[in-house]
Amino acid sequence: MKIKTTALALLTAMALAGCSAQNVAAPQPAAEVQKPVPDGVQKRELASGLYEMALSPQGDALYVASAEGFKDVQGGMVYKLDPATLKTLGATHTDLKNFGMALSDDGKTLFVTNSLDGGVSAIDTGTGKVRTRLLFPERNEKGFPYGAREILLHNGLLYIGGVADPALVWVVDANTMKLKTRIKNAGKWVTGLHWSAQTQRLYVANGGGEILVINPRNNRIEQRWKPLGEKEALLLNIAEDSDTGRLFVTDNSKAKTTLVLDIHSGKVLKQLEVGDSLAVKFNPKRHEIYITQRESGKVLSLDATSYAVKKSWPLPPNPNSLLLSADGQVLYVTVKQAFNKDHSTDGPDSIVRIDLNK
């Protein structure tokens, strides 16, 4: 099977919420020596095309979205793992490829974005079956669906970022899976979504270097920030320290930095000189910031006050998405392989569990 996709759709597939477009790499030798993992780190090779993760409310299941392979592979998977051992507890085979992920508060429904097909699926966690699906009608000039990238669940609504130019955010009723409205004029490529309980606003990152501030009561864009001015930027992922009113925003593609912004004004408080930055998480329990560095093959832990690097975990080749446990003591990471020119890889992607107390 040949995957038909435009460059835009391919970007969508390989740039998911904590996911960035992968470098095309030359094939690597098959018999590569595996380096020992750092202390407190568990690493398991799982499958191709790993992207976002979610933890059950009870903490007894770790769900991982997988697009599987992009060459001669139809459909995807959702894996259910033991959060402590990373052993497989279950798996759902899906006819479409899975990328972004959100879990309902009761843990009974997984919502996954099907980026290449421009849609979102609801999966029953009890049965593992796809319960319902919504495919959005928008098409680009070549007739391909807008990529449904990042997904955020808040107050019974799904906010789903559309990768298009101009972009939009779809607002979907999570119970009925019906489209309620569209937030339009969202710039170029909606890449990141974040809900702030402090400001009661939705923050949207895009590929034009903007952060949009949206009022969910009327779905209007109230502010448009361009923190790097006219400097080229492709802003990706967002985290928040609500106690200090700081937003952390990454750019892995253009500026290759992490920005610290005032959550009310968008003013740049600090530009972290840590190098390429992809996924970002703030841990209020430990007052730490975590950043994946895809190109450098590392995950960093930073002190959230001084911004000094406290620890660096080497996780080559391409650490991608991040997820924190509810108690803030465990960090999960998806680690991707580089793509070859034909969109194949030389091995499966991995799931990593980091004990932050080690």
For segment 73-106, give me the residue count where each residue is of a type in the set (G, A, S), farther than 24 Å from N140 by Cα and more than 19 Å from the chain's Cα centre (by Cα).
3
Considering segment 241-272 alone, what residues qualify as being open to solvent by 60 Å² or more (accessible area, probe 1.4 Å), more than 22 Å from the chain's Cα centre (by Cα) and not polar (S, T, N, Q)?
D243, H264, K267, L269, K270
Can you pull out the residues in segment 43-71 that are closer than 18 Å to F339 by Cα, part of a strand (DSSP E or B) and open to solvent by 20 Å² or more (accessible area, probe 1.4 Å)?
E45, L46
(1) at pLDDT 95 or above; (2) in contact with a strand residue (DSSP E or B) (Cβ under 8 Å, 6 or more places away or on another chain): which one isn't true of G40, the others all being true?
(1)
Based on what the data block shows, is T345 crowded, with 20+ Cβ neighbours inside 10 Å, out of contact with any Leu (no Cβ under 9 Å at 6 or more places or on another chain) and among the β-branched types (V, I, T)?
yes
Hey, can you tell me all the residues within segment 120-129 that are surrounded by fewer than 19 Cβ atoms within 10 Å (Cβ to Cβ) and in a strand (DSSP E or B)?
D124
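Look through L116, L110 and report the one residue that is open to solvent by less than 40 Å² (accessible area, probe 1.4 Å) and either in a loop (DSSP other than H, G, I, E, B) or farther than 20 Å from V169 by Cβ (or both). Break it down into steps so the answer makes sense when it comes.
Numbers: L116 fails: either in a loop (DSSP other than H, G, I, E, B) or farther than 20 Å from V169 by Cβ (or both).
Exactly one residue qualifies, and that residue is L110.
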Provide a single number: the residues in segment 323-342 that are at pLDDT below 95 and either surrounded by 16 or more Cβ atoms within 10 Å (Cβ to Cβ) or within 13 Å of the chain's Cα centre (by Cα) (or both).
3
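A quick yes/no check of all residues on (1) without any contact (Cβ under 8 Å) to a residue 40 or more places away in the chain; (2) more than 24 Å from Q271 (Cβ to Cβ):
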site: A304; (1), (2): no, no
site: V309; (1), (2): yes, no
site: P314; (1), (2): no, yes
site: L323; (1), (2): no, yes
site: G328; (1), (2): no, yes
site: Y332; (1), (2): no, yes
site: K336; (1), (2): no, yes
site: D342; (1), (2): no, yes
site: G347; (1), (2): no, yes
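The values are calculated or read from the model by the stated rules, or taken from the named source; none is laboratory data. What you see is a predicted model, and the numbers here were worked out from it, not measured in a lab. Cβ: placed from backbone, ideal geometry, glycine included. Neighbour counts: every protein chain shown. What goes into the accessible areas is simple: the full protein's heavy atoms, side chains included, and nothing from ligands, DNA or RNA. Shrake-Rupley method; radii C 1.70, N 1.55, O 1.52, S 1.80 Å.
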